[in-house]
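So the structure is just underneath, and the comments pick up after that.
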Amino acid sequence: MTKIGYARVSSKEQNLDRQLQALEGVSKVFSDKLSGATTERPQLQAMLDYIREGDIVVVSELDRLGRNNKDLTDIMNAIQQKNATLEVLNLPSMSGIEDDNLRRLINNLVIELYKYQAKSERKRIRERQAQGIVLAKENGKFKGGKPKFSENDPRLQLAFKLYLEGATEKDVERQTGINRRTFQRYRKSSIFIEHKKAI
C-alpha cells in the first residue's frame, strides 16, 4: 500500500505550498497548475496511471480533484477501478475502521454528501451573485467584472496564435491554462478581431 498525493491550483501564479505541507506524509505527489474545470490535466492523468491496487490517493480538499460532480465521479470511479481508495484530509477520517470494505463504503458516502453540499453551496453563491447584480444594475452601480487578461497578455496572445494555427480549444487550454469558457469569451471580443487583422 502506497499513499499518493495530488495537489492542484488554478493558475501558474498560485502556489502549492499549503497543499504540499498537508501532503507531507505521502510517498509521492503529483501536482497541476491548471483549472479544475477540466480533467485534461497532465499530472492528474499521470497519477491515475500510476496508482495500483491497495494504494490510497490523498488530497487536501475534494475540489482539488475537480470542480463539478461529473468530473469528480469519473475520477473517483477511475481510482476505485484500480482497487485504490481516496482520502480527503478535510473530511472525517475513517482510519479507525478495520474492515476495508466498510471503510471504503462509509468514505464514499461521506464524499457523496460533501459533493452534494458543495454543489448546493455553489448554486446558492451564484443565486446571491445574480441577485446582487440585479440590485446593482437597478441602482446604476454595476460595472461588470474586471477582465482577466489585458490585450497584450502573452498567454492570451499565445492562445490566439495556437487557435488560429488549428489547435483545438482543449489543446489551447492544456498549453496555456486558459479555460475554454474564458477563451471563448475572448474570441468574441475586439481583442481577437484585432489580433486576426494583425496577422
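Readers should treat all values here as calculations from the given coordinates under stated rules, not as data from a laboratory. It should be emphasised that the depicted structure is a prediction, and the values quoted were computed from it without experimental measurement. Reconstructed Cβ throughout: ideal geometry from the backbone, glycine too, with neighbour counts over all protein chains shown.
What length, rounded to one decimal in nm, is gained on full extension from Glu121 through to Gln175, with 0.36 nm per residue of separation minus their alpha-carbon distance? Please report the intermediate quantities before stating the final value.
Numbers: separation 54, 0.36 × 54 = 19.44 nm, distance 3.11 nm.
That pair, Glu121 and Gln175, stretches by 16.3 nm at full extension.
Pop the C-beta distance of Val110 and Thr2 into the FRET formula with R0 = 25 Å and round what comes out to the nearest 0.05. Walk me through the numbers before you get to the answer.
On the way: r = 22 Å, r/R0 = 0.90.
For Val110 and Thr2, the calculated efficiency is 0.65.
When only DSSP loop residues count, what GluC sites (Glu not before Pro) in the stretch 30-89 have their Cβ near at most 10 other Cβ atoms within 10 Å?
On the way: sites: Glu40, Glu53, Glu61, Glu87; in loops: Glu40, Glu53, Glu61.
Here the GluC sites (Glu not before Pro) that fit, given the DSSP loop and packing criteria, are Glu53.
Explain nothing, just compute: Karplus ³J(HN,Hα) = 6.51 cos²θ - 1.76 cosθ + 1.60, θ = phi - 60°, for every residue of the stretch 79-91 in order, whole Hz, x for Gly and Pro.
5, 5, 5, 8, 6, 10, 10, 10, 10, 10, 5, 8, 10
Using a Förster radius of 22 Å, what is the FRET efficiency between Ser11 and Glu151 based on their Cβ-Cβ separation? Nearest 0.05, please. Walk me through the numbers before you get to the answer.
On the way: r = 19 Å, r/R0 = 0.86.
Taking R0 as 22 Å, the efficiency between Ser11 and Glu151 is 0.70.
Given the Cα-Cα distance of Ile133 and Gln21 and 0.36 nm per residue of separation, how much length would full extension add, in nm?
Result for the pair: 36.5 nm of gain on full extension.
Using modelled backbone amide H atoms (1.01 Å from N, in-plane), which distant-in-sequence or interchain residues come within less than 5 Å of Glu87's amide H?
Under 5 Å from the amide H of Glu87: Val57, Val58, Val59.
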